[in-house]
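To keep things clear, I will list the structure first and then write my remarks on it.
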Amino acid sequence: MNDDDLRLAPRTRTAELTAWARAQDREPVAEGPLRAVLTLLELGGGRIRDGWPELTSAAVEHLLYERLYLYVQPAPGEDPLAYGAAVRLLTDHQRAAKRLNAKRQERLLAEAEWQGEVAAGLLRRADLVTWPRLYTLLLRADGVSPDDPAAVRAWLDAFRELAPEERLAAYEALEDAGALDRVDGDGGWGPTRLMSVGMATDGARMLLENGLMERSYRNLAELNALGRPMPQELAGDFESFEAAAAVEAMRLFGEWTVPGLPRLLVEEYPDLAPEPGPEEIEAYLAQLPQDPAGEDGADGQEQWAGEEEWAVEEPAEEPEADLPGQ
């Protein structure tokens, strides 16, 4: 895989943004949340300008409200509000670089603040975890070092020996200990919850894979403009390209949870982290109660997404020539 051509792995400008914040005497944002925010924005399908993701209200909402809780498990002692702070830092940096006008900067800062608070709450909800996030919490609860692959594997081996009811009790213990917030009235850690965790995990990984491949396709325009040939991986046989995207997606998932854990759960311990197939998903969806209002997603999500005050977006092509006079 010629990564220089395909540029499959995101190359965020985390260090540059951190240096800018330091030069501006800004309160620093931890590197982990900052890199995660830049990566997820870059893979969200929005435009990239000079290596920076273009900020819009839709992109901020998509990141903080719909994507973050799929992937990220904040490290011990890490403030979950850091993800909203990272968006605000990027907003101010883009304003300083004359890529945003004052009006848009003000609105994005306000959105990132309150949506960052919402995101911090979503990261604590027991019904919104994915398998890598859940097992990251279990490993931490038992004091297993995330930097010790042998210890992680040994813990998974021991957990595999537990009876199914003992595993459920371990999940519930995270709520009792305050690591996750209990969701009243949703049935707790039963078959429905386990099915939804598996579905969310599978979907989250597919979103990452698709984002990585779409990013590479966009980069091919640069090769064409330079008159360079199509990379061999995209000249006919896409299997190696798709496989590389899958590997990179699991690496990123591990960067935001425990390195190597997502791959282990998929390849070696699928019984601990089951992901339902199409037939199982269809059967599961068929037995769900129908929502006459047509609303879906996390409880309360529609009220945030439907707020017209914040949903109205300025035209992306707003003239940048007006910036100096703002």
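Taking the range 27-40 only, how many residues are touching a Leu at 6+ places or on another chain (Cβ under 7 Å) and modelled with pLDDT under 95? The total comes to 1. If you go through the range 102-114 and keep only what is buried (at least 18 other Cβ atoms within 10 Å of the Cβ) and either closer than 23 Å to GLY77 by Cβ or at pLDDT below 95 (or both), you end up with just ALA112. Could you go through the range 132-142 and let me know if any residue there is at pLDDT 95 or above, over 22 Å from ALA36 (Cβ atoms) and not small (Gly, Ala, Ser). Looking for residues that are at pLDDT 95 or above, over 22 Å from ALA36 (Cβ atoms) and not small (Gly, Ala, Ser), one finds at least one in the range 132-142, hence yes.
Where residues in the range 85-101 are part of a helix (DSSP H, G or I) and among the charged types (D, E, K, R), which of them is surrounded by the fewest Cβ atoms within 10 Å (Cβ to Cβ)?
Step one: of the range 85-101, the residues part of a helix (DSSP H, G or I) are 85-96.
Filter once more, so that each one left must be among the charged types (D, E, K, R): 88, 92, 95.
Numbers: ARG88: 20, ASP92: 18, ARG95: 20.
Among those residues, the one meeting the criterion is ASP92.
Identify all residues within the range 259-291 that are β-branched (Val, Ile, Thr) and within 15 Å of ARG153 (Cβ to Cβ); write none if there are none. Selection gives VAL266 alone.
In the range 21-28 there is at least one residue that is of a type in the set (A, V, I, L, M), in contact (Cβ under 8 Å) with a residue 12 or more places away in the chain and in a helix (DSSP H, G or I).
Of all residue pairs spaced 6 or more apart or on separate chains, those with beta-carbon atoms under 8 Å, a first member in the range 183-197 that is over 14 Å from GLU172 (Cβ atoms) and assigned by TED's automatic domain parsing to the domain that holds ILE281 and a second member that is among the hydroxyl-bearing types (Ser, Thr, Tyr) and outside any loop (DSSP other than H, G, I, E, B) are THR192/TYR284; MET195/TYR284.
When LYS103 is tested against (1) out of contact with any helix residue (DSSP H, G or I) (no Cβ under 9 Å at 6 or more places or on another chain); (2) farther than 30 Å from TRP20 by Cβ, exactly one condition is not met: (2). Can you name the residue in the range 158-216 that is of a type in the set (S, T, N, Q) and at pLDDT below 90 and is also surrounded by the most Cβ atoms within 10 Å (Cβ to Cβ) among such residues? Of everything passing the filter in the range 158-216, SER216 is surrounded by the most Cβ atoms within 10 Å (Cβ to Cβ). Give me the residue from the range 41-68 that is closer than 16 Å to ARG11 by Cβ and of a type in the set (Asp, Glu) and, out of that set, modelled with the highest pLDDT. My answer is GLU42. Among the criteria (1) modelled with pLDDT of 95 or more; (2) farther than 30 Å from MET199 by Cβ, the one VAL72 does not fulfil is (2).
The values are calculated or read from the model by the stated rules, or taken from the named source; none is laboratory data. As the structure is a computational prediction, the values presented were derived from the model and not from experiment. Virtual Cβ from ideal backbone geometry, glycine too; neighbours counted across all protein chains shown.
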